[in-house]
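The values are calculated or read from the model by the stated rules, or taken from the named source; none is laboratory data. If you're wondering where the values come from, they're calculated on a predicted model, not measured in any experiment. Glycine also receives a Cβ, built like all others from the backbone with ideal geometry; neighbour counts cover every protein chain displayed.
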Ligand SMILES: Cc1ncc(COP(=O)(O)O)c(C=O)c1O
């Protein structure tokens, strides 16, 4: 049976020759020309002054929080509806994550969700942009400035996303990206921190490399990390950047086909306010209230179509469990399903996913789900 996977990276450009070049020249660790090339190409694309490559998107967040000196005693407001790394890195710094609910249409945060949570201990807001949607960055930037807070953007999923013409990640003091295999561009594992602040960029580079003094070898000026990216990963990333515009074109076309084909269905897409130009990372919809999501996913799977549920809310996880109800996030978490969205999908693949999804929705009302699952 043919498989329609949720994600497959397109590595058909210069990825192979550039990796072979690393092997031939023996520059396989974190020194070598591709690191600088990749960082510059990335900074140019998102229009940030600085880009610092690291070994994944999780440590990109950790490094950003450390470079901004956020830690014990500090409260950081973060959406509960996010991938867990956003929250875990706050906790790992010894700071306290304070959970915000999200908007029911954009599945992201803005001023109204964040401002009531600000206390005298609040030091920062972490804006997370999920699936191709975006937080209201104009509102959050203005709020952070007015209340003297830092803004950090977890833009792991937001490559190719612009708010009022400015790329995600460059509205905050720092923005972070992930290059895991299912992201818009991949380096296998990898991440990036971007900033327009030269002093901050220097500190990010210092902490990334064990905080080793720039000229005095083995002298470490503070507590640092080894979060460096390898030249091999950067070579893949640089090759991916050469084709980013094409990849985004295809991803936007795929998303628009899904929207057209599922227009008549009772599914809810993440909304795209007029300020957004989306990179359309992963097409994700909310299923109707009365449909059993797990049964729908099982049904798709029977036809070789891979799908994913939306994230669980962080405030429900054992390590963060709180009594508070954050109902909009809980609903999105309960009803959401991500559909195959990679650039190698054909138009026929998308048509098939939409047809199978439509029939699965019809076959999987909540009350029948147990019977279908165990049939
Ligand atoms: C919103 C968000 N934050 C952080 C990360 C962590 O990135 P990585 O998997 O590269 O560590 C991801 C990746 O899946 C993500 O989607």
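Given 53, 41, which one is touching a strand residue (DSSP E or B) at 6+ places or on another chain (Cβ under 8 Å) and in contact (Cβ under 8 Å) with a residue 24 or more places away in the chain?
53
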- Message: Looking for something more than 25 Å from residue 255 (Cα to Cα) and within 16 Å of the ligand (Cβ to nearest atom) - is there at least one such residue anywhere in region 210-223?
- Response: no
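Okay, residues lined up against (1) buried (at least 22 other Cβ atoms within 10 Å of the Cβ); (2) at pLDDT below 95:
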position: 230; (1), (2): yes, no
position: 242; (1), (2): no, no
position: 269; (1), (2): no, no
position: 272; (1), (2): no, no
position: 292; (1), (2): yes, no
position: 298; (1), (2): no, no
position: 321; (1), (2): no, yes
- All conditions in (1) touching a residue at least 60 places away in the same chain (Cβ under 8 Å); (2) within 16 Å of the ligand (Cβ to nearest atom); (3) closer than 19 Å to residue 276 by Cα are true of residue 165 except (2)
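Could you list all residues from region 258-267 that are outside any loop (DSSP other than H, G, I, E, B) and surrounded by 18 or more Cβ atoms within 10 Å (Cβ to Cβ)?
258
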- residue 153 out of contact with any strand residue (DSSP E or B) (no Cβ under 7 Å at 6 or more places or on another chain), modelled with pLDDT of 95 or more and within 15 Å of the ligand (Cβ to nearest atom): no
- Note on the structure: Taking region 120-149 and keeping only residues that are more than 15 Å from the ligand (Cβ to nearest atom) and part of a loop (DSSP other than H, G, I, E, B), one is left with 120, 121, 136, 148, 149
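Looking only at helices (runs of 4 or more DSSP H) that fall completely inside region 1-111, which ones have 2 or more residues that are surrounded by fewer than 21 Cβ atoms within 10 Å (Cβ to Cβ) and within 16 Å of the ligand (Cβ to nearest atom)?
Where helices (runs of 4 or more DSSP H) fall fully within region 1-111 and carry at least 2 residues being surrounded by fewer than 21 Cβ atoms within 10 Å (Cβ to Cβ) and within 16 Å of the ligand (Cβ to nearest atom), they are 84-92.
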- Task: Among the residues of region 172-207, count how many are part of a loop (DSSP other than H, G, I, E, B) and within 16 Å of the ligand (Cβ to nearest atom).
- Result: 11
